[in-house]
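Below is one structure, written out as structure tokens, with a few remarks after it.
The values are calculated or read from the model by the stated rules, or taken from the named source; none is laboratory data. Because the structure is predicted, anything quoted here is derived from the model rather than measured. FYI the Cβ positions are ideal-geometry reconstructions off the backbone, even for glycines, and counts take in every protein chain you see. For accessibility, only protein heavy atoms count, side chains too; no ligands or nucleic acids. Shrake-Rupley method; radii C 1.70, N 1.55, O 1.52, S 1.80 Å.
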Amino acid sequence: MASSSTAVGAPNKKGGILTVIAASLMLFSMFFGAGNLIFPPMVGVSSGTNFWPAVIGFLAAGVLLPVLAIVAVAISGRSVRDLGANGGAFFGVVFAVMAYLSIGAFYALPRTGAVSMETAITPLFGWEGTMANGLFNAVFFLIALALSWRPTTIIDTLGRFLTPALVILLVILITLAAFANGRNPGTPTEDYMDAPMVTGLFEGYNTMDAIAGLAFSIVIVTSLREKGFKTKGAQVRSTITASLIAGALLAAIYLGLAWISQTLPGGQEYDSGATLLADAANLTMGTVGQSVFSAIVILACLTTAVGLITATSEFFAMLVPKTNYHLWACLFTAMSILFAFQGLDTVLSIAVPFITFLYPPAITLILLTLIQPLVKNAVVFYWTFRLALWVSVIWSALTVITNQGWTPFLENFLALSPGQALDLGWAVPTAIAAVIGVIIDAATKAGEKYEERKAAAEADAKASANAETTTAPTA
């Protein structure tokens, strides 16, 4: 007779808890990569006496949004593409492709190799130059490819082995550095003087983890399913639990990294979080400090690279069924080697337009997806999603175009929206569009009608598939 835990589609209690913990560590390691290591120290040292509002802003964008992204996908029970389809089929495909490419081969993935080389290998061994850069990135990404070759084992690869090593090293560094010198916050820099929380928020944006959260959901759900969480309810509950644990661990590590930056003498003289942490490690651990820091950087970047290769390859294999996972994994690995070979500055130059463009629709999609279950008995969103998402896309695109200096005459128009100077101008127009959408949906019942049509189409497709199976000739 099956046990009760098996009957509900989940592993036994002890095995389930251990698997969820391993999944949360896997998720933490996928999030905690290059930018996650170097941004918090600069927030801490630059914010000075405005430490807490700046850190709260950073945690809102760097922890809360990514966790909400995973929860949104888990609650909806759909992929990022299906989630994005709330803005229309075209929006769903284009948004998902851009999101995966931005956190994959076009930016975040090659950044893991570039940061590892410039902040871990060169300071430790003195290797630099075209040949050394090319060889290191080739070896780095081939190792990441090997670790991601079997996506169903990623919980074991990251959650049970690599991540514990990374967390232990981080805790050692933070603990020793925090107690080695007294905290001495300085005067906030100009950016953190008047609006420290908003500045911290944008530093959190730069991790791109909100978009990564949407993308990583496919990995964690697939991994948990392979570990015995078979029913939708078990998958949703375990995914949400794992994301909350991972978020709490991320917040603790970010806070520790920001804190120790204020214990380093002359901290505000640094213009790089990587250099600051390297010197903090040397100051607290002597000659082994750089080795410990290099190990932290490489582990952080490697675990993130494995997660990114796995997530992007699984998505594109699902998007283009005639190609398999391993082909995409090899392609994205080769592209990452090529981009990382160009150096960190080149990789980062690609990032800002992508971040500026993708974040408004990503945040809009996450928030509306979380709000919908709360109000579904009163109104089902249809035009609410479409109007809000497309307004956020258009406003975001115009902001990127203006920031690039291509159409300066748009500046006066965009400046009419509150917060445009802080790149938050999209928020008010998007909120207005959402309210208009809610009014239309309540009056026309467009959402209910759409759900009925979709359910009927899915039922017809299932019936056709069953009929084909029943009438298929036996061998």
**Message:** Which pairs turn up if I take residues in segment 418-437 that are within 17 Å of T356 (Cβ to Cβ) and look for partners that are modelled with pLDDT under 90 and among the polar types (S, T, N, Q) with beta carbon separation below 7 Å, at least 6 apart in sequence or on another chain?
**Reply:** D423/T356
**Complete:** Checked A278, A295 against criteria (assigned by the TED database to the domain that holds A180, assigned to a helix (DSSP H, G or I) and either open to solvent by less than 20 Å² (accessible area, probe 1.4 Å) or among the β-branched types (V, I, T) (or both)); the one match is A278
**Item:** Those residues of segment 146-170 which are in contact (Cβ under 8 Å) with a residue 24 or more places away in the chain and closer than 30 Å to S261 by Cβ, in sequence order
**Value:** L158, G159, L162, T163, P164, A165, L166, V167, L169, L170
**Complete:** Residue set T175, T163, T152; condition among the hydroxyl-bearing types (S, T, Y) and under 25 Å from L327 (Cα atoms); output residue T152
**Complete:** Condition set surrounded by fewer than 16 Cβ atoms within 10 Å (Cβ to Cβ) and without any contact (Cβ under 8 Å) to a residue 60 or more places away in the chain, scope segment 131-145, selection farthest from the chain's Cα centre (by Cα): answer is M131
**Message:** For the condition assigned to a helix (DSSP H, G or I), at pLDDT 90 or above and under 25 Å from T207 (Cβ atoms), what is the one hit in M98, M117?
**Reply:** M98
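Look at T304 and say whether it is within 23 Å of L142 (Cα to Cα) and assigned by the TED database to the domain that holds I260. Spell out the reasoning first.
Numbers: within 23 Å of L142 (Cα to Cα): yes; assigned by the TED database to the domain that holds I260: yes.
Spelling it out, T304 is indeed within 23 Å of L142 (Cα to Cα) and assigned by the TED database to the domain that holds I260.
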**Fill in**
Counted residues in segment 443-461 being surrounded by 15 or more Cβ atoms within 10 Å (Cβ to Cβ) and hydrophobic (A, V, I, L, M, F, W, C) come to 1
**Item:** Residues of segment 101-124 satisfying the condition of being out of contact with any Leu (no Cβ under 9 Å at 6 or more places or on another chain), surrounded by fewer than 24 Cβ atoms within 10 Å (Cβ to Cβ) and more than 13 Å from L338 (Cβ to Cβ)
**Value:** L101, I121, T122, P123, L124
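Quick one: which of I56, I75 is out of contact with any Ser or Thr (no Cβ under 9 Å at 6 or more places or on another chain) and open to solvent by 30 Å² or more (accessible area, probe 1.4 Å)? Even if it seems obvious, please write down each step before you answer.
Details: I75 fails: out of contact with any Ser or Thr (no Cβ under 9 Å at 6 or more places or on another chain).
Going through I56, I75 in turn, just one is out of contact with any Ser or Thr (no Cβ under 9 Å at 6 or more places or on another chain) and open to solvent by 30 Å² or more (accessible area, probe 1.4 Å): I56.
Does A378 fit the bill of being modelled with pLDDT of 90 or more, exposed (fewer than 11 other Cβ atoms within 10 Å of the Cβ) and either part of a helix (DSSP H, G or I) or outside the structural domain of G92 (by the TED database) (or both)?
Numbers: modelled with pLDDT of 90 or more: yes; exposed (fewer than 11 other Cβ atoms within 10 Å of the Cβ): yes; either part of a helix (DSSP H, G or I) or outside the structural domain of G92 (by the TED database) (or both): yes.
Yes; evaluated as a whole, the condition is true for this residue.
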**Message:** Conditions first: (1) surrounded by 10 or more Cβ atoms within 10 Å (Cβ to Cβ); (2) at pLDDT 85 or above. N412 passes all but one, so which condition is the exception?
**Reply:** (1)
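On the given criteria, is F90 under 30 Å from K454 (Cα atoms), modelled with pLDDT of 90 or more and open to solvent by 30 Å² or more (accessible area, probe 1.4 Å)? Walk me through it before giving the result.
Values: under 30 Å from K454 (Cα atoms): yes; modelled with pLDDT of 90 or more: yes; open to solvent by 30 Å² or more (accessible area, probe 1.4 Å): yes.
When the stated conditions are applied, F90 passes them.
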**Message:** Checking the condition in a helix (DSSP H, G or I), on the phi < 0 side of the Ramachandran plot and open to solvent by 70 Å² or more (accessible area, probe 1.4 Å), which residue from I363, I401, I394 passes?
**Reply:** I394
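I need the full set of residues from segment 415-427 which are surrounded by 16 or more Cβ atoms within 10 Å (Cβ to Cβ) and either modelled with pLDDT of 90 or more or touching a helix residue (DSSP H, G or I) at 6+ places or on another chain (Cβ under 7 Å) (or both), in order please. Working first, answer last.
Of segment 415-427, the ones surrounded by 16 or more Cβ atoms within 10 Å (Cβ to Cβ) are 417, 420, 423-427.
S417, Q420, D423, G425, W426, A427, listed by residue number.
Please return the ranges of helices (runs of 4 or more DSSP H) entirely within segment 148-260 where 1 or more residues are open to solvent by less than 20 Å² (accessible area, probe 1.4 Å), closer than 26 Å to K13 by Cα and in the same structural domain as F39 (by the TED database). Show your work before the answer.
Working: elements: 163-180, 190-194, 196-205, 209-226.
Result: 163-180, 209-226.
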